[in-house]
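Here's the structure, in structure tokens; my notes come after.
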Amino acid sequence: ELELRKMALVVEQIPSVVVITGLDGAIEYVNPRFSELTGYTLDEVRGQNPRVLKSGVTPPEQYRELWQAVSAGHEWRGTFHQRRKDGTTYQEEAAIRPMRDADGRITHYLKVGEDVTARTALEQQFRQAQKMEAVGRLAGGVAHDFNNLLTVISGFTEMAMAGLEGHDPLRHDLEQVALASERGAALTRQLLAFSRKQALEPLPFVLGRVVREAESMVRRLVGEDVTIDLRTTEEDAGTILAEPGQIEQVLMNLVVNARDAMPTGGRLTIATSSLVFDHEAATQHVNVRPGPYSRLSVTDTGHGMTPDTLSRIFEPFFTTKGIGKGSGLGLSTVYGIASQLGGTVEVWSEAGQGSRFDIYFPVTLAAPSAQRAGVLPAGATGTETVLVVDDEAPVARFAQRMLAA
């Protein structure tokens, strides 16, 4: 009796889900961990089939394989997508095996399960980070070479335009070349931001101030049919170390996506706040350390995203917009900037329910800078000899021409 009581205590207190069913699948026993995880008590599920937890995500073939295995006397292992009593879902990794009496006859079935929702999410983040890192290296290399070409094209175009009169017909053609070069340079900057290879001159500044200063730009972007709810002050989000232009780039990309998700109007909420990631919270994210963070949240009431779209939104050049309406680099740029600054991105979205993006930036102890980095005065001259070196001969020739001008 003492041994039986010990075993009963183990089953009652074990941190795993324990379910015992009859041969017909009717539940006869669940332990307290089952009730804690699912919200159902033993009285509520006794006599019920375990399908009471079905979420509709696990394929029917998996259940058929399960019953074929245990009916034949074998153990089955796999992962379920389950639904709690309150309607929320979770992932359960389970082992199900037949229980036998002293004569070896199968009398019941036993399931021992673990909630692996957090672990699975972290694994997905890690795989996504690995994929983004590989694509980022490729994108950074392409952007570097493309940038060299654009430097030559735009530089010699500007010098050619400088030698033409304003009414010269050729000047108009060169202006179109210069405009195309500028658009190409904008794409290059986004690729470099995604690949985390931008040259940075970070400053300490309050996140809320930059967001507040960008309000007029945000209002011009979204139009009159979108209501903007700005919830930020200069004191509520802490000081971060970054280039203000990076934060503006993050905000503009998120706002443009939110606007496109609300073609007939809606509500756009932009908020900043402070929070602290403890060790447990930091382990839920890849490459995030415990400590204080500033959070930028952008929420829309648009059409939302399907799980398939949600799994690919940070891939460069992936877009659900029509041809000519998006480069597919907006959200990958957001991801790259957040990663470069030591932060992370969280996304929530459901089809028809809108979307929310939370961008986390680590807080610095440095005092906020009073102004942005200055620019050296133009027009400086000298008599020195300058050695120009570049692995691209056209870039070197352009630099030499500019320095000699």
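The values are calculated or read from the model by the stated rules, or taken from the named source; none is laboratory data. Small disclaimer: the values here were computed from a predicted structure and weren't measured. Please note: Cβ atoms are built from the backbone with ideal geometry, for glycine as well, and neighbour counts cover all protein chains shown. These area figures cover heavy atoms from the full protein model, side chains too; ligands, DNA and RNA do not enter into them. Shrake-Rupley method; radii C 1.70, N 1.55, O 1.52, S 1.80 Å.
Results for (1) polar (S, T, N, Q); (2) at pLDDT 75 or above; (3) touching a Pro at 6+ places or on another chain (Cβ under 9 Å), shown as yes or no for each residue.
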site	(1), (2), (3)
THR364	yes, yes, yes
ALA367	no, no, yes
ALA370	no, no, no
ALA378	no, no, no
LEU387	no, yes, no
ALA393	no, yes, no
ALA396	no, yes, no
ARG401	no, yes, no
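ARG312: touching a residue at least 60 places away in the same chain (Cβ under 8 Å) and either assigned to a loop (DSSP other than H, G, I, E, B) or surrounded by fewer than 17 Cβ atoms within 10 Å (Cβ to Cβ) (or both), yes or no?
Considered against the rule, which asks whether it is touching a residue at least 60 places away in the same chain (Cβ under 8 Å) and either assigned to a loop (DSSP other than H, G, I, E, B) or surrounded by fewer than 17 Cβ atoms within 10 Å (Cβ to Cβ) (or both), ARG312 comes out as no.
Each row is one residue, and each column tells you yes or no for (1) touching an Asp or Glu at 6+ places or on another chain (Cβ under 8 Å); (2) modelled with pLDDT under 85; (3) over 30 Å from HIS303 (Cβ atoms); (4) not aromatic (Phe, Trp, Tyr).
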{"site": "GLU158", "(1), (2), (3), (4)": "no, yes, yes, yes"}
{"site": "LEU192", "(1), (2), (3), (4)": "no, yes, yes, yes"}
{"site": "PRO204", "(1), (2), (3), (4)": "no, no, yes, yes"}
{"site": "LEU221", "(1), (2), (3), (4)": "no, yes, no, yes"}
{"site": "ASP229", "(1), (2), (3), (4)": "no, no, no, yes"}
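THR299 passes all but one of (1) modelled with pLDDT of 80 or more; (2) out of contact with any strand residue (DSSP E or B) (no Cβ under 6 Å at 6 or more places or on another chain); (3) not in a loop (DSSP other than H, G, I, E, B); which number fails?
(2)
For the range 163-186, give me each residue that is outside any loop (DSSP other than H, G, I, E, B), at pLDDT below 80 and open to solvent by less than 90 Å² (accessible area, probe 1.4 Å).
GLY184, ALA185, ALA186
For the range 43-58: of the residues being open to solvent by less than 40 Å² (accessible area, probe 1.4 Å) and touching a helix residue (DSSP H, G or I) at 6+ places or on another chain (Cβ under 9 Å), which is nearest to ALA94 (Cα to Cα)?
LEU53
Counting only residues that are open to solvent by 30 Å² or more (accessible area, probe 1.4 Å) and touching a residue at least 60 places away in the same chain (Cβ under 8 Å), which one in the range 244-274 is nearest to PRO202 (Cα to Cα)?
GLN249
Which one is modelled with the lowest pLDDT among residues in the range 231-250 that are in a helix (DSSP H, G or I) and either among the β-branched types (Val, Ile, Thr) or closer than 17 Å to TYR293 by Cα (or both)? So that I can check it myself, show each step before the final result.
From the range 231-250, those in a helix (DSSP H, G or I) are 244-250; that's our starting set.
Checking which are either among the β-branched types (Val, Ile, Thr) or closer than 17 Å to TYR293 by Cα (or both) leaves us with 244, 246-247, 250.
Values: PRO244: 76, GLN246: 80, ILE247: 84, VAL250: 88.
This residue is PRO244.
Could you grab the pairs with beta carbons closer than 6 Å, sequence gap of 6+ or different chains, first residue in the range 132-161 and over 15 Å from ALA180 (Cβ atoms), second one surrounded by fewer than 17 Cβ atoms within 10 Å (Cβ to Cβ) and at pLDDT 70 or above?
As it stands, the answer is ASN148/GLU392, since those pairs meet every condition given.
Are there any pairs with C-beta distances below 8 angstrom linking a residue in the range 7-23 that is open to solvent by 40 Å² or more (accessible area, probe 1.4 Å) to a residue that is assigned to a loop (DSSP other than H, G, I, E, B), with the two at least 6 apart or on different chains, and if so which?
Note: pairs meeting the criteria are VAL11/ASN31; GLU12/ASN31; ILE14/ASN31.
Quick check on this structure: which one of GLY374, GLY336, GLY322 is surrounded by 12 or more Cβ atoms within 10 Å (Cβ to Cβ), small (Gly, Ala, Ser) and either in a helix (DSSP H, G or I) or at pLDDT below 80 (or both)? Can you show your working first?
Numbers: GLY374 fails: surrounded by 12 or more Cβ atoms within 10 Å (Cβ to Cβ); GLY322 fails: surrounded by 12 or more Cβ atoms within 10 Å (Cβ to Cβ).
Only one candidate qualifies: GLY336.
List pairs: first residue in the range 108-123 and more than 16 Å from PHE80 (Cα to Cα) and open to solvent by less than 60 Å² (accessible area, probe 1.4 Å), second residue of a type outside the set (Ser, Thr, Tyr) and in a strand (DSSP E or B) anywhere in the structure, Cβ distance under 6 angstrom, at least six positions apart or on different chains.
HIS108/ILE20; HIS108/MET99; TYR109/PRO98
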